[in-house]
Each structure stands twice: as structure tokens, then as C-alpha cells.
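**Q** To start, I am sharing the structure in question, which I have written as C-alpha cells.
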Amino acid sequence: MPILAAIWSLILPAVLALWPGVGRGDPGRGDGPVSNHTCVMSVGEDLTYEVSWSVFKLGQIRVKTLRSKTDGGELRYVVQAFIDSYRGVPFVDLHAISTTEMDTGFYSRGYRSLEKKNGEWWGLNYLYNLPNRTLIVEQTWQKDLRSQPYRESVFDTLRIQKEWFEDALSLLYFARGRARTEQELQVPTMVYGKIGATAFRFTNRQTVEKISALEKPVRVVKFDGKAKFSGMFGLTGDFSGWFSDDEAAVPIKAKMKVILGNITIELKQWNRERWRPPL
């Protein structure tokens with residue numbers, strides 16, 4: 001497989017999950033400080049990132065906070081991410097959409113992913129039964145994004161040890177809510193219908209980071225972590241993140257280690273009410 005196609009195919013299963021030392025102890029819900037959800041979440045927030053490897057620009061990720069809602073008296077947020085390879089990248093034509101619904105603690109309460117394969121859209125739905133601690137992973141196929149699935153099947157039924165965990169997209173907000181704290185923790189994470197874990201080491205270490213979209217460096221806080229998922233050949237699991245040093249904790253840059261170097265994800269465009277990158 002040509003090298004650029006290989007690199008991008010390594011990114012796709014984990015690019016959102018790796019965006020955000022091994023955790024110590026049991027990271028029970030509420031273990032350690034977390035930012036108020038009203039500071040992090042902003043309905044209408046629209047962030048676009050560029051994905052690159054070495055000197056090659058591979059594609060974009062666009063993350064949008066669509067709405068808030070109330071379910072059973074509980075406030076939830078709905079966020080959607082679009083991953084698209086650039087046209088003209090040799091041998092690569094990759095497109096995926098992820099949608100998460102999460103609570104005010106930034107834990108997953110619903111998830112759906114779609115990935116374009118051979119001209120059709122393959123999907124995974126996570127159907128939660130939290131009181132019974134089971135999770136049904138449903139697999140779907142549909143002709144296009146507007147049509148109903150023409151085939152559905154149960155991919156797996158999983159037992160979960162906790163009533164709280166993360167999916168590949170809610171994990172980003174879990175990190176945003178804790179980026180300006182000092183703690184180490186590990187959280188159960190669902191990626192591609194499999195249960196793994198993500199370890200974070202938050203240090204609240206303030207620094208500055210340069211990105212192409214701005215002339216001046218951005219004030220950020222840096223953290224590190226490791227993704228513990230099976231089946232991610234070529235990815236070491238190690239990652240670092242730089243989030244804005246303010247209450248919004250907007251992701252500014254991330255780096256993922258792969259066998260052949262580093263994948264970089266960098267903020268390119270943003271639209272968030274009353275927010276500017278702190279300089």
C-alpha cells in the first residue's frame with residue numbers, strides 16, 4: 001500500500017480517540033477536579049483541524065457542537081465530527097462521521113459512527129443499557145447518508161464494568177474538562193466496538209505553541225497520555241495534547257506517535273461565541 005494511504009488508514013480508527021503515565025487508582029466518576037461543563041461546552045462551536053504527517057497534509061477534521069437537550073431530566077450535549085481526506089492525496093479517499101451524546105461530566109450516553117467504504121456507508125451504533133451494564137454494538141449499511149440502512153445486524157453484546165465510559169469523540173471533551181488540572185487517571189473507552197482504555201497525565205503545565213493559523217504563539221496547557229486499544233497496528237498509543245489556557249480549553253494541537261514518526265493535528269479555523277485564542 002502506498003505510504004500516504006497507509007499512514008491515513010492508521011489514523012482513521014483512532015484519530016479522535018487519541019486527540020486529547022498510566023492512570024493510578026480507580027478513576028471513579030467524580031474522582032479528581034473537572035471544569036464546569038458550561039465553560040467548555042458552547043452550542044454552535046465549530047472547529048476545523050488539519051491532519052499532517054511529515055510534510056504531507058492528509059486531510060481535515062471538523063468538530064461541531066450541535067445542540068443541548070434534556071433526557072430524563074439530565075442535560076446532554078450532541079457533538080458531531082467529520083473526518084475527510086484531501087482530494088489529490090494519492091490512493092486515499094477516506095471519509096467518516098461520528099456523533100456523540102454526552103452528559104455534563106463529559107461521559108458518553110450515545111454514539112454513532114459512519115465510514116465510507118466502497119461507495120456505501122458502514123455504521124456502528126452503541127446502544128446502552130446502563131442499569132444492566134450491557135452495551136449492544138449494532139452494525140449498519142446504507143447506500144448514502146440520506147437513505148435508511150438496508151442492512152442491520154448485532155455486531156456484539158458487551159458487558160461493561162462501569163456505568164460511565166467514553167467513546168472516540170466524547171473522550172476529547174473528557175480531556176477538555178480536565179486539561180487545566182493536575183491528576184493522572186484512566187478511563188474505559190469504546191473504539192470500533194471494542195472496549196479499551198485511555199490513560200491521561202494532566203499537569204496543568206502552561207506553555208505556548210505555534211500554529212500556522214496565527215502569527216503569534218497561543219497560550220496553552222500541555223498533557224500526555226496513552227491509548228490502550230487492540231488492533232491499532234502501527235500506532236504506539238502515545239499522544240500529547242495542547243489545549244488553550246482558558247476556561248474553554250479549546251484543542252489547539254495534538255501529536256500521535258506512529259512507527260514512522262508523528263501525526264500532527266492542528267487547529268486551522270474556529271468559530272465559538274466570544275472566544276479568541278489566548279495570545
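**Q** Express the C-alpha Rg of region 123-252 as a ratio against the empirical globular expectation 2.2 N^0.38 Å, rounded to two decimals.
**A** 1.28
**Q** I would also like to ask the following. Residues with beta-carbon under 9 Å from that of Ile61, excluding Ile61: net charge, scoring Lys, Arg +1 and Asp, Glu -1?
**A** Value of the local net charge: -1.
**Q** I've got another one for you. Hey, what number do you get for the chain at 222 nm if only DSSP H runs of n ≥ 4 count, each worth -39500 (n - 2.57), divided across all residues, to the nearest 500?
**A** Result for the chain: -1500 deg cm²/dmol, rounded to the nearest 500.
**Q** Hey, another quick one. What does the charge count near Thr48 come to, summing +1 for each Lys or Arg and -1 for each Asp or Glu among other residues with Cβ under 15 Å from its Cβ? Don't skip to the answer; put the middle values down first.
**A** On the way: positive: Lys57, Arg62, Lys64, Lys253, Lys268, Arg272; negative: Glu45, Asp46, Glu50, Asp84, Glu266.
Neighbourhood net charge equals +1.
**Q** Can you return the lysines within cross-link range of Lys116? Criterion is Cα-Cα under 22 Å, with same-chain partners fewer than 8 residues away left out.
**A** Within reach: Lys57, Lys64, Lys143, Lys194.
**Q** Which of rounded, prolate or oblate describes region 86-196 when judged by the alpha-carbon gyration tensor and an a/c cut-off of 1.5?
**A** Oblate.
**Q** Rounded, prolate or oblate: which fits region 25-173 when a ≥ b ≥ c are the square roots of the eigenvalues of the alpha-carbon gyration tensor, with rounded for a/c under 1.5 and prolate only if a/b beats b/c? The partial results should precede the final answer.
**A** On the way: a/c = 1.88, a/b = 1.29, b/c = 1.46.
Oblate.
**Q** Quick one: which of 175-187, 125-137, 195-207 comes out on top by average Cβ neighbours within 10 Å, and what's the full order, highest first?
**A** Descending mean neighbour count gives 175-187, 195-207, 125-137.
**Q** Further question: For Gln161 and Leu279, compute 0.36 nm times the residue count separating them, minus their Cα-Cα distance, and round to one decimal in nm.
**A** Once the chain is fully extended between Gln161 and Leu279, it gains 38.2 nm.
**Q** So for each of 50-56, 246-252 I average, over its residues, the number of other beta carbons within 10 Å; can you give me the resulting order with the highest mean first?
**A** Listed from highest to lowest mean packing, they are 246-252, 50-56.
**Q** Moving to a separate point now. Where in region 249-275 does the amide nitrogen come within less than 13 Å of the point 7 Å from the Cα of Cys39, taken along Cα to Cβ?
**A** Label zone hits: 249-250.
**Q** With label points built 7 Å along Cα→Cβ from the Cα atoms of Thr70 and Tyr86, find their separation and express it in nm.
**A** With each label placed 7 Å out from Cα toward Cβ, I get 4.6 nm.
**Q** D for the chain, whole µm²/s, Stokes-Einstein with Kirkwood Rh over alpha-carbon pairs at 4 °C and 1.567 mPa s: what number?
**A** 68 µm²/s
**Q** Sticking with this one: Once fully extended, how much extra length lies between Ile259 and Phe56, figured as 0.36 nm per residue of separation less the alpha-carbon to alpha-carbon distance?
**A** Extra length from Ile259 to Phe56 when fully extended: 71.5 nm.
**Q** Follow-up question, since we're still on this one. Find how much the distance from Arg151 to Asn132 grows on full extension, using 0.36 nm per residue of separation minus their present alpha carbon separation; answer in nm with one decimal.
**A** 4.1 nm
Coordinate-derived values only; no laboratory data. Keep in mind that what you see is a predicted model, and the values were worked out from it rather than measured. Using ideal geometry, Cβ is built from the backbone for each residue, glycine included, and neighbour counts are taken over all protein chains shown.
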